[in-house]
Each structure stands twice: as C-alpha cells, then as structure tokens.
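Asks: Below: one structure in structure tokens.
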Amino acid sequence: MRGKALVSTVSLILVVGVIVGVVAVVNIKKDNNHSATANVKAVQNICQNAEDQKLCRETLIPAKGSPDDPKAYFKTAIEAATNSIIKALNMSDKLSVEHGNKDPGIKMALDDCRDLMQYSIANLQSSADLVNNNDILTVHYRTDDFKNWLTSTIACQQTCMDGFDTDGEKKVQELLQSNGLDDMGKLTGMTLDIVASFAKILESFNLNLKVNPSNNRRLLNVEVDKEGFPTWFSAADRKLLRKFGKGGHRRGSIGMAANAVVAQDGSGTHKTIADAIAAVPKKSSARFVIYVKAGIYNENVIVPNDVYNVLMYGDGPTRTIVTGHKNFAAGTKTMNTATFAAVGNGFIAKSIGFENTAGWAGHQAVALRVQSDMSAFFDCAIHGYQDSLYLQSDRQFYRNCEISGTVDFIFGTSTSLIQNSKIIVRRPGPKQFNTVTADGSTQKTMISGIVIQNCEIVPENELFPVRFQVRSYLGRPWKAYSRTVIMESTIGDFIQPDGWAPWSGNSYLNTLYYAEYNNRGPGAALDRRVRWKGYRGAISRAEANQFTADVFLKGGATGSSDWLRVTGIPYQLSFTTA
C-alpha cells in the first residue's frame, strides 16, 4: 500500500507539474503575443511619417527591448544605417585595390568616399551616444543635433556619388551603390524621417513632454553664464573669446595670445599654415589659436576631422591670403580643388582671404570648403569663379564677409546663414551664366539650406558694363529639395527679373523651396519672378522667422543658437529690419 501510495503521489506531482508547465507555456505565449502585438503597433506609429514606410517597418520590427521604450527603435535605426556605411566602406577599400591603380579619377573618387564615410560613421556614433547615454527627454531636447548629424550623413552619401564622372567611374560607382552606398542613403534618410517626427512619436508612447523649456540647460547639465559662455569653458578660454569679441584682434594686432604663429619670414613658430594645423592636439576641447601674419600663402590646407576648435586669424583679408589653383578642368575632383578645407568641428576664421585663381576656364574650383559643424567666419574674403564657397555640410555662419564667383559659387548641403556680407557676381566665361547659389538638399526632412540675410548682391567692375547681356540669377536647384532664402538684402539691377534658373528642364521645380523676404534694390521686384510650384515668392514675417539665426542655426547642447555666442563673432539672432 505504501508503494502504491508513493506511486500515486509521484503521479499526482507529475500531473500537476505538467499542468503548471502547460499554463506557463500558455502564459509565455500570451506574453510573447502581447509583446509582438505591442511591438508592431509601436513600429506602425513610428513609421507613419516616413517616406519609405515599408523599409521603416522592416528595419524596426526586429528591435530589441521593451516595445514601450522608443529609444529601442531609434537605436535599431541608427545601427542599421551604421552597418550600411561600414559595408560601403569595406567595398570602397576592395574597389580601391581592384581599380585604384588603373584610373586616377577612380582613385580620387574612392578616396573621397572613404573620408566621407568615416566622417559619417562619426556622425552616427554621436547619434548613438546621444540615444544610449541619455534619457528620452534629453534626446528630445537635442533633436536639432540629431537631425544635423543625419542630414550631414545624407550629404556625405550624395557627395560620394557625385564624385564619379566618367563612364568608367560610373561602373565603379554602381558597384559601390549596390554594396552599401544606396542603403546608407535610404536608411539614414528613414532615420531622419522618424527623428523629424520625434515629438509626435513620443506622444504616441504616452510620454509627458510638458517640461518648462527654461529648465532645458539644467536637464542637460549645461549651464551658460551671463556672458553666454558655457560654464565648462576654462578661464583662459573665456578671456580669449571675450577679447576676440571686443575687437582685441583687429587687423595688424597680435594682442590675442596665439598657440602658433605663422610667418613666411621665419619670425613665427611655423612657416606654413599646414604645419601649424599639424601642431594642433587631436580631439582637444581646448581652443587652439593660430595667428597668420600678412603674406600670400600658396598652399592647400585641410583642418582634419580630428582637429577641433581651431581659431585662425590674420591681418586682414587683403593682407593674409591663402591661395591655390586646383580645378576640375585640370583633373582634380571638386572636393579636392579646395584651397582651404575646414572639416574639424568648431572652426573659426577671422580676417583672412581664401582664393582659387583657376578662373572661369577651370570650371569647378573651390576656394573654401567647409564641413565643420558650428563653424564661423568673420571679416573673411572667399574669391573664385565656379564653386568658390563649398558649404559642404553641417551648421555654418558667415558675417561681414566678401564672397565672389560666377556659376553656383555658393553651393553645398549645409545649414548655412550668410549675414551682413557682400556677394560679388563676376563676369563668367563665354556661353556661361551666373548663379549665386545651388543648394543640394535631397530630402524633405533635411535641415539644410542657404540663407542670405542683410547682404548686398552686386556685380563686379568687369561685369558691370555688360551686366544686362550676361544672365545672372539668385540660384538654381542642384537637388530635389533645394532650399534657399534671400531676406532683408539689397539686390542689384543685373539679376534677371525671373530671379531663379532651372537646373535641368523641369527637374525639382515642384519640390524645391525658394523664398524672398523684405529685400530692396532694383533686382528685388517680384512681379516677374518664376511661377514654379516650389517658389514661395514673398513670404510672411512669421514664415521668414524660421530662417533667422536663432531658429535656423539651432544646435549645441542647449538646443539653441548659443553656440554663436561662443564664437565671439558679432551676429543678429533675429531680423535686421523692423
């Protein structure tokens, strides 16, 4: 009996165990089904404003983490975009080995792509760090940074593609596109679409965003003192920038303490600007000041991606001049024609001239190329013909500058504001016409564009006598979502009455954004302007406000234009006229 009782007891335990197991399995399935349903619903909410919703859903469905945590989906999107860049980068190395020695054009294009993709990986790493290392509220308040990094990455992908020109180069381009480069653009664009809808997405997760904006700096652990400098600035840096902002750096003055002095006669620490740049500590947050004495410096200079916060000043744009003549007609890719290229973030230039002397016959010939985020230029001259100023990517500010050229001479895919400057249109070559701007925005949600505020747009002396025989326009759309705004500026009579030129037939005329606000001068009349769908004509003050410095150049840890204060350069945050 005892044995039977034992067997019965064991049987009962086994039966109960089976029942418990079945219930547990059922509950797990229910939990999994609930989680999967919640995940699908969350992805649908996140992807509803993406241009490619199918790609968005396919990318985000495998997201790991709680379906109630929106950060999990942003992490997945960033990771997918990063993997596509790594794939394209590996392919570019492979193609360089296979084709680099056969054609110098292919080698240059692939080298440029490699640099651009490495820059893009750094941008996406910054995006990943933002999401991984902060709460969702902090990420929300830094969406301007987030959007900038993604916009810059899309610009890099497009620049890479544009570098392949000949039939032979196009074949290599196709291999690169099918092995990561196309995915890089699509996945980054998709991520930008969902970041652009950040507030709506968070609301769909029932997250409370009603936080007093005045507390942003406290939430972000970023404090700004009464002079507008971040509190983490050193006393020496504050003193330096305070002096910079109050004119202690006027032409001919070396009152500013410089870390390096460039002088051709050997009286400084370096004889070339390139040598001074090479002496800057890598990835340093400290401001490094380079004083370039008067002289004509015939050299091609790059401030590399790992050199931050360089402040370079000279003795005036007509006395301290960096000059070069590399050009597309002579076989150099546009990106590499630049006489001076600022890539490392936080670059500031004051009282220096940058020029490319290739002339109209050289076609694309860049004087200054800027890929430096939160960069600023004051009292500088940028002179060339076609493609003089390459606003390649990221946030840029120009004040009291002189910019001259002919075809698309202010171009790129950055978020750039040119304020209180003189824009000089030159006499082009035979059968050429002038276009002041050519913005390269390729996607609606990109934050890029060119804004010209309170400037003079005038013809040079050589153009003046024939200004009515040479066609001159405010701009033309380089890419599908080209965005350009001319506001509070004086426009000369030489600008064509229709104002803007098409790029190629009817391409992009419906998707571009061109607008004018409160301009003056004989060329500012709007009655005969183009009638394109994308041309907004005279916009209202409320609409124009989004292109003022305080709104358009948002960024930095505070999510505002505070980074302009740190440059020490004069600026107008709002409108210049009542």
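Asks: Once you sort the root eigenvalues of the Cα gyration tensor of the range 136-192 as a ≥ b ≥ c, which label holds: rounded (a/c under 1.5), prolate (a/b larger than b/c) or oblate (the other case)? Show your work: numbers first, answer last.
Replies: Details: a/c = 6.17, a/b = 2.84, b/c = 2.17.
Taking the square roots of the gyration eigenvalues as a ≥ b ≥ c, the range 136-192 is prolate.
Asks: Whose amide H sits under 5 Å from the amide H of residue 490, counting only residues 5 or more places off or on another chain, with H placed in the peptide plane?
Replies: 455, 456, 457, 520
Asks: A further question follows. Two decimals is fine: what is log10 I(q)/I(0) at q = 0.29 Å⁻¹ for the range 428-488, from a Debye sum with one equal scatterer on every Cα and no solvent?
Replies: Each listed q corresponds, in turn, to -1.17.
Asks: Continuing with the same structure: Counting only Cα, what are the radius of gyration and maximum Cα-Cα distance Dmax of the range 251-363, in Å?
Replies: When restricted to the Cα atoms of the range 251-363, Rg and Dmax are 14.2, 43 Å.
Asks: Are any of the pairs 54/333; 147/431; 75/533; 171/326; 170/479; 333/431 more than 29 Å apart by Cα-Cα distance, and if so, which? Intermediate results must be reported in sequence, preceding the final value.
Replies: Details: 54/333 36 Å; 147/431 40 Å; 75/533 37 Å; 171/326 26 Å; 170/479 19 Å; 333/431 23 Å.
Listed pairs above 29 Å: 54/333; 147/431; 75/533.
Asks: Starting from one equal scatterer on each C-alpha and no solvent at all, send me the Debye-based log10 I(q)/I(0) for the range 53-214 at q = 0.10, 0.17 Å⁻¹, two decimals.
Replies: -0.41, -0.93
Asks: Within 10 Å of each candidate Cβ there may be at most 16 other Cβ atoms; applying that plus a DSSP loop requirement, which chymotrypsin sites (Phe, Trp or Tyr not before Pro) in the range 396-471 survive?
Replies: Values: sites: 397, 398, 409, 411, 433, 468; in loops: 433, 468.
Listed in order of number, the matching sites are 433, 468.
Asks: For the range 485-553 and the range 154-204, what is the separation of their C-alpha centers, rounded to whole Å?
Replies: First find each Cα centre; the distance between them is then 28 Å.
Asks: A follow-up question, please. If the cut-off is a Cα-Cα distance under 13 Å, which aspartates and glutamates reach residue 186, setting aside same-chain residues fewer than 8 apart in sequence?
Replies: 51, 52, 58
Coordinate-derived values only; no laboratory data. Just so it is clear, the model here is predicted, and its values are computed rather than measured. In this analysis, Cβ positions are derived from the backbone assuming ideal geometry, glycine residues included, and neighbour counts consider all displayed protein chains.
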